[in-house]
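Comments concern the structure below.
The values are calculated or read from the model by the stated rules, or taken from the named source; none is laboratory data. Predicted model, so just to flag it, every value in this text is computed and none were measured. Glycine gets a Cβ as well: all are built from the backbone with ideal geometry, and neighbour counts include every protein chain shown.
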């Protein structure tokens, strides 16, 4: 019982600290975006004065600060997070808060948390500019699995194949051979 209370206390403190940190990052992103609006050279100045921040993070700060990207996507590096960053913020929030509808092999659909999507499922669900509905997902799946090509039908029900002494008759489909057909085949085999 004491361990449970202590663990709950740690979890609560952790959650509160993360929430404060995320909110502080959002505020920092807003400050960065405002500075960029007022001072065109601000980007290089910020990077020079904050050397611990990777160069790749600055675009994310600007996008969050301008309200283009939900703050929860700043630290996510999975396929779903990458796809969501290109969508309007309303779609980002809808997917992050409520999950997305995923068409499965049986034709049914499931509501899936975006963190649980595989890379292939992300390609199925997310287009460059939208979240695909079930009909669009079905079309996408079908386009990825085209029907097997149709093998051309041979011109004759039988043919001679091979070279020299290895020539033989290949029967391509059930057929009836008359004497004249057999005689012609034998002559062709001896040529």
key: Where a residue in region 38-56 is under 15 Å from residue 28 (Cβ atoms) and its partner, wherever it lies, is at pLDDT below 90 and part of a loop (DSSP other than H, G, I, E, B), with Cβ under 8 Å and at least six apart   = 47/55
ask   = Inside region 79-91, can you point out the residues that are part of a loop (DSSP other than H, G, I, E, B) and either crowded, with 19+ Cβ neighbours inside 10 Å or free of Cβ contacts under 8 Å to residues at least 40 places away in the same chain (or both)?
value = 85, 87, 88
message = Which condition from (1) surrounded by 10 or more Cβ atoms within 10 Å (Cβ to Cβ); (2) closer than 30 Å to residue 57 by Cα; (3) modelled with pLDDT under 85 is the one that residue 157 breaks?
response = (2)
query = Picking from 61, 46, which residue would you name as being assigned to a helix (DSSP H, G or I), over 30 Å from residue 113 (Cα atoms) and not assigned by TED's automatic domain parsing to the domain that holds residue 131?
reply = 46
inquiry  = When you scan region 28-40, do you find a residue that is modelled with pLDDT under 90 and either surrounded by fewer than 11 Cβ atoms within 10 Å (Cβ to Cβ) or in the same structural domain as residue 70 (by TED's automatic domain parsing) (or both), even just one?
reply    = yes
query = Here is a list of conditions, (1) assigned to a helix (DSSP H, G or I); (2) more than 30 Å from residue 123 (Cβ to Cβ), and residue 96 meets all of them except one; can you say which number that is?
reply = (2)
ask   = under 25 Å from residue 135 (Cα atoms) and in a loop (DSSP other than H, G, I, E, B) - does that describe any residue in region 65-73?
value = no
